[in-house]
Amino acid sequence: MYNTEQEKFFLQQSKLWIANDPEKDHLDELKQIIDYADWKYYVMDNPVLSDGEYDTLFKKLKQLESRYPELITADSPTQRVAKSLTQSFPTVNHLVPMLSLENSYDANDLIEWDRKCRELSGEQVIEYCVEPKFDGASISLLFEDDLLLRGATRGDGVQGDDITTNTRQIRSIPMGMAIGKKGISLLEVRGEVVLTKEKFKQYNERLIAEGIPLLANPRNAASGSLRIKDSTEVSKRGLDAFLYHISFWQTVNGERPYQTHYESLQLLHALGCKTSLKDAKLFQGITEVIDYCAEIESGRDALPYEIDGAVIKINRIDLQDKIGQTSHHPRWAMAYKFKARQASSKLLQVEYQVGRTGSVTPVAKIEPVSVGGVTVSSISLFNEEVVKEKNLMIGDTLLIERAGDVIPYVVKSFPELRTGIETPIIFPVNCPVCREVLYKPEAEAVWRCTNINCKAQVIERIIHFASKDAMDIRGLGDALVRKFYEQGFLNTIDGIYHIPFEQMKGLEGFGEKSILNLQQSIEKSKTQPLNRLIFALGIRYVGETTAKTLARSINHLHDLYDMSAEQLCQLEDIGGKVAGSLVDFFSHPDNRRLIESLELSGLQLQNMQNVHHEGGSLNGKTFLFTGTLTMKRSEAEALAEAAGGSILGSVSTKLNYLVVGEDAGSKLEKAKKLGTVIILTEEEFMRLIK
Ligand SMILES: [Zn+2]
């Protein structure tokens, strides 16, 4: 899409226009830079500008365009901007019907399909292209004269809903593509809109904050998002799109712009689309296809998004044309569906768990059942409303689904299988742990124990504080926190830093080694960055994303003491509810005492990222990279230079930062010995230059 020279040029120019004011004749360049930055961020997953820099450039483009409205083009990045207006979705015809694929479930199905393909085509051996099958919502995009003309849902396959405005909110979909240069005047492209597991998690965090029942899986979230009437909401969800099929083309010379399916993926990639090219592989014959399907299946949990199978296509287009299609599906393509991650089981009883904020969650205990290779015996039912909505009774047969690393959930019950011995689920009136009467605000779905000293809440707060995504205190897990609590060693969060280890000698299960390890990981947690500490405090409605937003906007945790709800609401993605909860938390004397105590224990309450930023840039700072980085060494160096730094060749007292990748060796040792060099991980480096 871009060569190294172009990339370098755009990077340099971006710094130029961040520092200076562009004029009318720079407008095209500005648009190109923003397109380039979008492509790096959304398609290549390798951002080159910080959010701030991007916003600056975007603002400058907008200002220029408002001065010269006649220069606004339909593919300008500013035209992605969402409108709050409620839209309707008129029905449109696809140029070519969107057929569904035939499904196969095991090797025998594929062998049989291959036999038919060979018979119909008259070929001895067929070349197949295999790629992951995304589990999202299908879309069809129409590009004409280099512009995105229309985006549509699959609908019934012949007609779909026109969702053009919403597709413009998906940043990995190009607003324009230089198809003209390839001699193409019209291009209809098919793809799948997905929500990454990470974005899905963030989205559910927002729902938790708003007290709305969670969405079950990323697929539902993606398809629901495409049909939201308010496109500003669509843009907030962070959808992604993989394009994988060209369904229609028109060229100037009438010739097909590609001869194989694989070439069509290469073409889409070259035009700037996000494709599955990286994972698409070619095989001669079906045997290796079967192996690769198994390989994709075994790797599915490691992918950032959900897949539910593999798609196998005959690679040569002339062969595809030769064997054609039925009225339902093409004969030259096959979906290989992974093992179902659904199972049914019996609901034995419902238990009630008290969370760290006092929320009482019903948990279904079921007959243990294997779902997608994992044994499930208990499932959260979220709240009383979900229990009612799903019409659950004790003794019911339930359909359970587990998608990837998403927690298992109940899809539905089967009331038709009831025998009459089922009993209703009766929600408790008192806290199952401390007996306090439960309370539920009118607009909410969750019952709560309001006793702040409720044992269950105290323990859960400590567990949360120490957990992997919070302070990451290895070794201080659920069981140990409970044990310490029972034995009187630990009953507050700050107590973690005052555990009387000397009293534990001789206690069963506590060798010197395990005590030492725990002490070390507790010590290490003191240097965790501020966003983790904020998250670890377990403030209601404050998830990881909100914690990051908060940490970015302050220099010291104490800054939050004086921020009003209005000020907090100015921050990205923070609404009234979250702000109210924050004000409550920080005005409470007990919480302030807790924070003072943590500070006295030596925890990091300052925002170290902002400290690095004092002076505004890295001018004059020196960098050296060692070990294997996830990005190319040259890219990392370019980033350091772009931020004002310079690159040194060896470790010396002149060196400010050593950025350490995997398997770093002698340079790291030397830097440690010197003691004057700041050692950064790649992630810390990325934060530093932002
Ligand atoms: Zn309680």
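Values in this text are rule-based calculations from the coordinates and carry no lab data. Here the structure is a predicted model, which is why all the values come from computation and not from measurement. A quick note on method: Cβ atoms are made from the backbone with ideal geometry, for glycine too, and the neighbour counts reach across all protein chains shown.
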HN-Hα J couplings of the stretch 62-71 from phi, Karplus 6.51/-1.76/1.60, θ = phi - 60°, integer Hz, Gly and Pro as x?
4, 4, 4, 5, 6, 7, 10, x, 5, 8
Which cysteines in the chain lack any other cysteine whose Cβ sits under 4.7 Å from their own Cβ?
CYS117, CYS129, CYS273, CYS293, CYS569
Calculate for the chain the 222 nm mean residue ellipticity that helices alone would give, adding -39,500 (n - 2.57) per DSSP H run of length 4 or more and normalising by residue count, nearest 500 deg cm²/dmol.
-10500 deg cm²/dmol
Take the alpha carbon gyration tensor of the stretch 615-689, find the square roots of its eigenvalues, order them as a ≥ b ≥ c, and report rounded if a/c is under 1.5; if not, report prolate when a/b exceeds b/c, else oblate.
oblate
From the cross-link list LYS281/LYS322; LYS524/LYS621; LYS133/LYS339; LYS15/LYS690; LYS15/LYS40; LYS201/LYS390, the entries with a Cα-Cα span beyond 18 Å are LYS281/LYS322; LYS524/LYS621; LYS201/LYS390
Residue (of LEU186, PHE143, LEU303) at the positive-pole extreme of the chain, dipole from beta-carbon charges
LEU303
Given the Cα atoms of the chain, and with Rh set as the inverse mean 1/r over their pairs in the Kirkwood sense, what is Rg to Rh to two decimals?
0.98
Please sort 543-552, 414-423, 50-59 by packing, taking for each peptide the average over its residues of neighbouring beta carbons within 10 angstrom, highest first.
543-552, 50-59, 414-423
Square roots of five times the Cα gyration tensor eigenvalues for the stretch 282-393, Å:
43, 16, 13
Alpha-carbon centroids, the stretch 12-47 and the stretch 455-494: separation in whole Å:
47
Looks like the stretch 240-297, by Cα gyration tensor root eigenvalues a ≥ b ≥ c and the a/c under 1.5 rounded cutoff (else prolate when a/b is bigger than b/c, oblate otherwise), is oblate
With Kirkwood's inverse mean 1/r over C-alpha pairs for Rh, give me the Rg to Rh ratio of the stretch 1-48, two decimals please.
0.97
How large is the direction-averaged shadow of the alpha-carbon convex hull of the stretch 455-609, in nm²?
8.9
If we sort 465-476, 529-540, 362-373 on the protection proxy, mean other Cβ atoms within 10 Å, highest first, what's the order?
529-540, 465-476, 362-373
Which value, in debye to the nearest 20, gives the size of the charge dipole of the stretch 239-381 about its Cα centre, when Lys and Arg are +1 and Asp and Glu are -1 at the Cβ?
240
Taking just the alpha-carbon atoms of the stretch 342-424, what radius of gyration and Dmax come out, in angstrom?
12.5, 38
Kirkwood Rh and Cα Rg combined as Rg over Rh, evaluated for the stretch 165-206:
1.15
Please report the projected area of the stretch 103-337's Cα convex hull averaged over all directions, in nm².
13.2
